[in-house]
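Structure first, then comments.
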Amino acid sequence: MNASHAWLQTFLDRPLAPAAMRDIITGRCCPVDEMVALREDLRDVVVGLVVECARHPDSDHLSVTKVDAGAGELLDVVCGAPNVAAGKKYPFAPAGSTLPGGLKLEKRKIRGAVSNGMLCSARELGLGQDHEGILELDTDAAPGTPFLAAMPVGDTRIVVDVTPNRPDLLSHAGLARELAAAAGTEMRLPELPGVTAAAVPAPRAGSGEAAAGGIRVSLEDAEGAPRYMGVVIRGVKVGPSPSWLADRLVAVGSRPINNIVDVTNYLLHELGQPMHAFDAAKLAGSAVVIRRARAGETLVTLDGAARTLRESMTVIADGERAQAVAGVMGGRDSEVTEATTDLFLEVAHFEPRSVRRTRRALALSTDASYRFERGTDPELPPRALTRAVRMLLAVAGGAVDGEPVDLHPAPSPRRRIDVDPERIGRLLGEPLPTPRITELLRSVGFEVADAGAKQLAVIVPSWRPDVHAEVDLLEEVARLHGYDALPSALRAGRPSSVPDSPAYLIERRMRDELVAAGLYEARPIPFVKGSPEGFARVANPLAADESFLRRHILESLQRAAEHNLAQMRRDVRLFEVGSVFAPSGEKLPREEMRAAALVMGHRRPPHFTESKPPDIDEWDAKALAERMARAAYPGSAIELRDGAPRFLWEIVVDGERRGVVLRLALDAPVWAAPAYGVEITLMPVANADVAPPGAAAYGAAPARGVRAPVRYRALPVTPASSFDLALLVPDAMEAAKVERVMRAAAGELLESLELLSEFRGAGVPAGARSVAWRLTLRHPERTLKEKEIAGRRDKVLKSLSEELGVRQRTS
């Protein structure tokens, strides 16, 4: 969304600098990606102070001045304007700079006097038509200050990255509403040059058909167009737009076309309401029909492309054929041209999902579709139509023919949400007075009233389709109050009742121990070269030369150590806590969690007291292995036994072998120190009654006490259906007993049964409690029908009543 700083300022009574607007929008709404100064053609111009001014010796109308331009020396400048005086400040363009229009200044002699630049008039800077005198500056800026920094000239484009949930910010009015609320001022719709509050006839309301100025308007597709307004204006004159209108469009990156189209584009950016003008004389049968496209129907859109329409698309047609794709783009056959004298102006609200489907199918994105598919304000068309008519009459002449039409078959009431102010304070961590909450919500258009029982009734404005529940209003209060104003101190909270996974606890202890020992953690991918014998192959490997899953973590650490040696790094201390894999004879390999460490090089860093410290040896590796074993198996009996001839030592825990210590053979240069490795089994990832993977190589036995079977199943491809049940359960009855009956009654379609809440209090009989469950049903091959879901629900309630006497809570 491109916004103009000058345009936004017209909505506000209080001046805000571009940087202030950027900070407010970013802090309260959406990030601002960029701020673009639109008068970059003045970047070379600076503030110049005329220190001396004397007449040119060879001219009666020229002056020779000495100008301080902040360069540390006075510059000689020849000037022909009569109003130049010593002690005054003027815009100064030094030699080598380029003025608007492309004029490049050079150092030159004028009647024998050297001129090092130019003191500029308003016309030379593109700031007006006055060229009789130099533009005198009233500023405290020091000489040499950039002209753009010293004077408020030119507009600034603010590029806002509007998130999909805030379509109300896709307009200057929407952004100005937020700016006004932050600045504590009122937002007002700005007055426009030459545009008066001309009387516009009240629209004729209807649901299916009405006439406007001799054109019959029929709404046949109310689903695709919930609201459609139109008005006929006759006797217009198409031509260029006035400068104020064209400048506004240029400021937001739009291209002026003609006064009719420019008005519609102006209001799209000002109010966020797309609209389209048809040449009324080109509408066959003097009819406008909002309907679905016919099979095979074609339309040449305004971009000149012939497009084949689908029956699911909503179109705006005349009595014979489609003339526009609703919410996306108009057609070339009815576009406004210089010969147009009569207009049919469309102002509508189109269904967002319909516009999105159509836009994707046609691969055609426009400013209008961008707004319609995110959701425009359904109550905005009457106000937008009135403002559009007044602007068109001011810039193109003509008169309204008859009454506008407003086809709105099913108006939707605004949403009401009840809010508990005390709950808002608890969740924000800072209690906010009810008047403060009311003030914040009203500042951006919410209607707030006292609903009694310490509740507020909040009516959501029509332009906020993203606000549906109390939590959305909580977010509104938080952002309007200011996230920076909320307390940052940690408050008391309830820890989770779910215990940490044993695997997580072991991993954390091992990582803490090895980091404390001075090792660095490595995170390599578990792929190695391997061979078909004894390795599990990956079906879709990342690299052809690493298509097998590793059997030992030390395989990965060895490659990392060799890379370090290739970079002339002699001291290596690496560890990893990860998985190893072994073929199981089944589809998936067996997986086991292990920890491994590789150490080589100096035992401690060199110091002036010990320039050549000793290298790490096998005894250091043994000590590290003992440390790792204690971290993995606290409280167990740990022993390191002689592992000759294959290993240096075997790690034995409670009489069972769990890992090894060995000297590693690396592809290493002659100056490399010996490398030692330790690898220890932590636990199998899946249940295994046989030895875990790698046991044959390391002599490790299965980890005791781990019997956690893992089952694999495909992700569901059909949608789930959920419903909640609130039941009155006697205090003496266990919830588990109720769940068993529900599971049996729901049958094989029950995917999950989740306990939601327990409640005692008003509306619940004494000796009972209200317990709520959520049942999720899913069929593995098809979508469940409503009758099936209702049948299962009735069966569950019947079984609970007959077997346990438990009935559904109804109040």
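We did not get these values from a lab; they are worked out from the coordinates using the rules stated. In this text, all values refer to a predicted model and were calculated from it rather than measured experimentally. With ideal geometry, Cβ positions are generated from the backbone for all residues, glycine too; neighbour counts draw on all protein chains shown.
Observations, loosely collected:
- Helical mean residue ellipticity (222 nm; -39500 (n - 2.57) per DSSP H run of 4+; nearest 500) of the chain: -7000 deg cm²/dmol
- Cα gyration tensor shape for region 47-129, rounded if a/c is under 1.5, else prolate or oblate: rounded
- Cβ-based net charge around Asn265, under 10 Å, with every Lys or Arg adding one and every Asp or Glu removing one: -1
- Where trypsin sites (Lys or Arg not before Pro) fall in DSSP loop in region 432-462, at most 15 other Cβ within 10 Å: Lys454
- For Kirkwood radius over Cα pairs in Å, calculated from these coordinates, the label among (1) 32.6; (2) 35.3; (3) 28.9: (2)
- Whole-number D in µm² s⁻¹ for region 88-173, Kirkwood Cα-pair radius fed into Stokes-Einstein, 10 °C, 1.306 mPa s: 100
- Taking 7 Å steps out from each Cα toward its Cβ at Leu364 and Ala85 produces label points 6.3 nm apart.
- Region 539-626 shape via C-alpha gyration tensor axes, a/c threshold 1.5: oblate
- Gyration tensor (alpha-carbon) shape descriptor, region 540-688, a/c threshold 1.5: oblate
- Euclidean distance between Cα centres, region 249-284 to region 528-580, Å: 63
- Candidates per trypsin sites (Lys or Arg not before Pro) in region 507-583, loop by DSSP, up to 16 other Cβ within 10 Å: Lys529, Arg569, Arg570
- Computed FRET value (nearest 0.05) for Thr718 with Arg760, which takes r as the C-beta separation and R₀ as 30 Å: 0.20
- At 0.890 mPa s and 25 °C, Stokes diffusion of region 1-96 via Kirkwood alpha-carbon radius, µm² per second: 146
- Here r is the Cβ-Cβ distance between Ala17 and Arg740 and R0 is 60 Å; the resulting FRET efficiency, rounded to 0.05, is 0.35.
- The residues packed around Arg353, meaning those with a beta-carbon under 13 Å from its beta-carbon, carry a net charge of +2 if Lys and Arg are +1 and Asp and Glu are -1.
- Taking every alpha-carbon pair under 8 Å whose residues sit at least 6 apart, region 67-194 reaches a relative contact order of 20 percent.
- Neighbourhood net charge (12 Å Cβ-Cβ; Lys/Arg +1, Asp/Glu -1) for Ala197: +1
- Förster radius 60 Å - calculated FRET efficiency between Asp60 and Tyr483 (Cβ-Cβ, nearest 0.05): 0.35
- Violating pairs (Cα-Cα greater than 31 angstrom) within the set Lys66/Lys104; Lys104/Lys237; Lys454/Lys798; Lys529/Lys622; Lys737/Lys785; Lys587/Lys785: Lys104/Lys237; Lys454/Lys798; Lys587/Lys785
- The Cα center of region 203-217 and the Cα center of region 123-202 differ in position by 39 Å.
- Spacing of the two label points (7 Å from each Cα toward its C-beta) at Glu422 and Ala287, in nm: 6.3
- The modelled label-to-label distance between Leu542 and Arg523, using points 7 Å beyond Cα along the C-beta direction, is 1.2 nm.
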